[in-house]
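In what follows, a single structure is set out as structure tokens and then discussed.
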């Protein structure tokens, strides 16, 4: 191992620790770079029944990148429902980030339960952030997400 790392044997532990630290920092930089290249939220926003909605399927290395990206879009808009989806392996994942004023009436749990069912899985979370996923990757399209969020918002306005 000392030969592989080009370090004396007594310096192996500090060398491995440095390599791990450098790796972690590079991963953070890559993640920041990926979220730094996001589109302007206003370009992605559309109004559905008067509710600002962003639906996107960004190319990400990991679904873990969806949450900070969704928060970034939500913060840019101030008031919005943000749905971001991605496929990792054989699983579709969608994160739903909702500004607090919309979360008061949106019924996020019902929405992500339906979304999870459409993806062949399940979903859950809080009123302002939830996640759904499942193996039906073919169901993860902008059109399907828009149809689902539009039906959900319309059902809320009918019952309000």
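Points to keep in mind about this one:
- Cα convex hull of region 59-124 - mean projected area over all directions, nm²: 4.5 nm²
- For region 107-147, the Kirkwood estimate of the hydrodynamic radius, built from every pair of different alpha carbons, is 10.0 Å.
- Average Cα contact separation per residue, region 40-97, under 8 Å, 6 or more apart, as relative contact order %: 34 percent
- Cα long-axis angle, helix 12-36 against the chain (0 to 90 degrees, to the nearest 10): 30 degrees
- Were the residues from residue 16 through residue 114 laid out at 0.36 nm apart, the gain over their Cα-Cα distance would be 30.7 nm.
- Rounded to the nearest 0.05, the FRET efficiency derived from the C-beta distance between residue 100 and residue 147 at R0 = 22 Å is 0.30.
- Prolate/oblate/rounded label for the chain (Cα gyration tensor, a/c 1.5): prolate
- Helix 108-118 axis versus longest C-alpha principal axis of the chain: approximately 80°, rounded to the nearest ten.
- Our summary gives region 41-159 a relative contact order of 22 percent, counting only alpha carbon pairs under 8 angstrom and 6 or more residues apart.
- Degrees separating the helix 142-159 axis from the principal Cα axis of the chain, which is the longest one: 50 degrees
Only the coordinates and a few stated rules stand behind these numbers; no lab work does. The model shown is predicted, which means the values in this text are computed figures rather than measured ones. Methodologically, a virtual Cβ is constructed for each residue, glycine included, from the backbone with ideal geometry; neighbour enumeration extends over all protein chains shown.
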